[in-house]
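Shown next, in structure tokens, is the structure this report addresses.
The values are calculated or read from the model by the stated rules, or taken from the named source; none is laboratory data. If you're wondering where the values come from, they're calculated on a predicted model, not measured in any experiment. All Cβ positions, glycine included, derive from the backbone under ideal geometry; neighbour counts span all protein chains shown.
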Amino acid sequence: MRKLSAHYIFTGTGIILKKGIIILTDDGVIVDIIDTNGELDELSGVEFYSGVMVPGFVNAHCHIELSHLRDIFPEKTGLPVFLKNVIQYRNLEENKVIEEARKADSELWKNGVVAVGDISNTDTTFQLKSESKIAYHTFIETLGFSPQRAERAFGWAKHCFDEVQSLGLSASIVPHSPYSISKALLEMISEFAISQHSILSMHSQECSEEDALYCSGDGEIVRHLTENLAIDLTFFKPTGKSALESVIDWLPIENKLLLVHNICTGQKDIDFIAKTRSLNKTWFVLCPDSNLYIEDRLPDIELFRKNKLLICLGTDSLSSNHKLSVLDEMKTIQSHFPAIPFGEIVIWATRNGAEALEMDDWAGTIEKGKKPGINLITGMDLQHLQLQSQSKVKRLI
Ligand SMILES: [Zn+2]
């Protein structure tokens with residue numbers, strides 16, 4: 001049995017305890033939580049830490065399969081150039097890909113992450129995910145803007161799905177983004193998702209060029225599809241609507257959906273999603289460090305707060321981020337949006353991700369009976385309860 005205490009405990013439920021005590025079994029199951037009302041008397045056997053304790057982090061969007069692309073691509077070039085680079089450099093010897101993905105898995109663990117929503121386009125990382133201390137939900141991601149590719153793309157995804165499930169990992173088949181998917185492929189994904197009650201995920205509104213493709217059939221994404229991927233677009237008719245509006249009707253409303261990035265998401269989009277599908281089943285995943293890396297822009301997070309959206313955090317991959325650290329994403333948010341209370345960012349980094357990935361029976365909050373992992377954040381401004389650039393995370397259990 002261990003008894004842990006710190007200056008503050010942010011439980012991830014909204015409750016904050018000053019000098020509270022968490023009692024856990026040696027393998028991390030919470031047995032009791034004591035509210036000391038800030039008066040921690042000399043209690044034998046209590047490990048007291050200077051800083052703030054929070055639940056283990058949930059990284060709702062990552063691609064450990066792309067970890068070998070760390071520090072290769074230039075920053076702030078925009079999404080179309082980034083996509084071209086990924087195509088050019090992503091294929092490498094499988095052993096090297098696995099080796100770098102293993103390092104990424106250790107880095108995530110060391111940085112206090114207990115659960116990950118991880119995108120896979122291949123089966124390369126399944127074995128290591130099944131051996132990891134981290135709980136993974138694998139999003140098997142399909143790509144294919146040309147309807148002729150739909151059958152083959154879904155067939156490969158289904159093969160990967162069967163393989164990952166045989167290793168005992170939870171998984172779902174998902175679309176990559178509105179600009180890399182056909183209606184034919186989305187219909188196959190949707191039918192399968194309904195039968196499996198799958199969690200869906202899609203990159204969305206990462207740059208304004210996505211809308212140009214659907215609105216007018218022009219722009220940088222169009223050039224990417226025709227020049228880099230050699231797709232004949234004669235079949236494609238622009239919808240005159242935004243990318244999100246054009247495809248969201250093809251996704252089943254009964255399934256959970258994680259929309260990733262949301263850099264260009266405005267009030268009109270939020271109203272549209274609210275009208276089309278329930279906002280209670282839609283999570284908005286923010287990957288701010290990746291957004292700064294690729295587009296040098298951040299989403300309108302204050303607007304999302306105003307609309308009470310379900311927000312969670314992701315690191316994206318090492319091809320567009322220098323580290324896989326949820327704390328670093330929190331620090332970026334805190335430094336650009338200082339008015340957002342730290343406790344709210346903690347909920348985005350823990351509980352909301354656990355609920356989105358259906359791991360909230362054990363992760364995401366410090367509550368009796370759960371085994372969420374406990375992180376200690378040091379180097380905070382404890383007077384104003386704000387993260388600072390020197391803040392660090394240490395996994396206590
Ligand atoms: Zn991504």
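Observations on the structure shown:
- Selection over the range 241-267 of residues that are of a type in the set (Ser, Thr, Tyr) and either within 16 Å of the ligand (Cβ to nearest atom) or more than 18 Å from residue 300 (Cβ to Cβ) (or both) gives a count of 2.
- Boolean, residue 31 is β-branched (Val, Ile, Thr), within 23 Å of residue 312 (Cβ to Cβ) and not in a loop (DSSP other than H, G, I, E, B): no
- Number of the condition not met by residue 231 [criteria: (1) in contact (Cβ under 8 Å) with a residue 60 or more places away in the chain; (2) within 27 Å of the chain's Cα centre (by Cα)]: (2)
- Per-region count, the range 85-99, residues part of a helix (DSSP H, G or I), within 16 Å of the ligand (Cβ to nearest atom) and not hydrophobic (A, V, I, L, M, F, W, C): 2
- Qualifying helices (runs of 4 or more DSSP H) (wholly inside the range 273-389; at least 3 residues being within 16 Å of the ligand (Cβ to nearest atom)): 288-294
- Within the range 35-66, tally of residues that are in contact with a Gly (Cβ under 8 Å, 6 or more places away or on another chain) and buried (at least 17 other Cβ atoms within 10 Å of the Cβ): 10
Here's the yes/no breakdown for (1) over 23 Å from residue 77 (Cβ atoms); (2) under 20 Å from the mean Cα position of the chain (by Cα):
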{"site": "146", "(1), (2)": "yes, no"}
{"site": "153", "(1), (2)": "yes, no"}
{"site": "164", "(1), (2)": "yes, yes"}
{"site": "170", "(1), (2)": "yes, yes"}
{"site": "210", "(1), (2)": "no, no"}
{"site": "217", "(1), (2)": "yes, no"}
{"site": "225", "(1), (2)": "no, no"}
{"site": "245", "(1), (2)": "yes, no"}
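Quick grid of which residues meet (1) charged (D, E, K, R); (2) more than 30 Å from residue 124 (Cα to Cα); (3) touching a Lys or Arg at 6+ places or on another chain (Cβ under 9 Å):
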| site | (1), (2), (3) |
| --- | --- |
| 9 | no, yes, yes |
| 17 | no, yes, no |
| 36 | no, yes, yes |
| 43 | no, yes, yes |
| 65 | yes, no, yes |
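- Residues in the range 317-363 that are within 14 Å of the chain's Cα centre (by Cα) and either polar (S, T, N, Q) or not assigned by TED's automatic domain parsing to the domain that holds residue 111 (or both): 317, 320, 321, 325, 350, 352.
- For the range 362-383, the condition of being under 27 Å from residue 19 (Cβ atoms), out of contact with any strand residue (DSSP E or B) (no Cβ under 9 Å at 6 or more places or on another chain) and without any contact (Cβ under 8 Å) to a residue 12 or more places away in the chain holds for at least one residue.
- Selection within the range 237-250 - part of a helix (DSSP H, G or I) and either polar (S, T, N, Q) or modelled with pLDDT of 95 or more (or both): 246
- Answer from 253, 263 - the residue that is within 22 Å of residue 81 (Cβ to Cβ), in the same structural domain as residue 307 (by TED's automatic domain parsing) and in a loop (DSSP other than H, G, I, E, B): 263
- Scanning the range 256-297 for residues that are surrounded by 23 or more Cβ atoms within 10 Å (Cβ to Cβ) and among the small types (Gly, Ala, Ser) gives a single hit, 290.
- Residue pairs whose Cβ atoms lie under 7 Å apart, separated by 6 or more positions or on different chains, with the first residue in the range 51-77 and at positive phi and among the small types (Gly, Ala, Ser) and the second outside any strand (DSSP E or B) and surrounded by fewer than 24 Cβ atoms within 10 Å (Cβ to Cβ), are 51/380.
- Scanning the range 192-222 for residues that are touching a residue at least 40 places away in the same chain (Cβ under 8 Å) and loosely packed, with under 14 Cβ neighbours inside 10 Å turns up 194, 197.
- Residue within the range 61-77 that is assigned to a strand (DSSP E or B) and either within 16 Å of the ligand (Cβ to nearest atom) or modelled with pLDDT of 85 or more (or both) present: yes
- Which listed residue, of 118, 105, 26, is over 25 Å from residue 357 (Cα atoms) and not β-branched (Val, Ile, Thr): 26
- Condition met for residue 41 (assigned to a loop (DSSP other than H, G, I, E, B), over 18 Å from residue 137 (Cα atoms), at pLDDT below 90 and touching a His at 6+ places or on another chain (Cβ under 8 Å)): no
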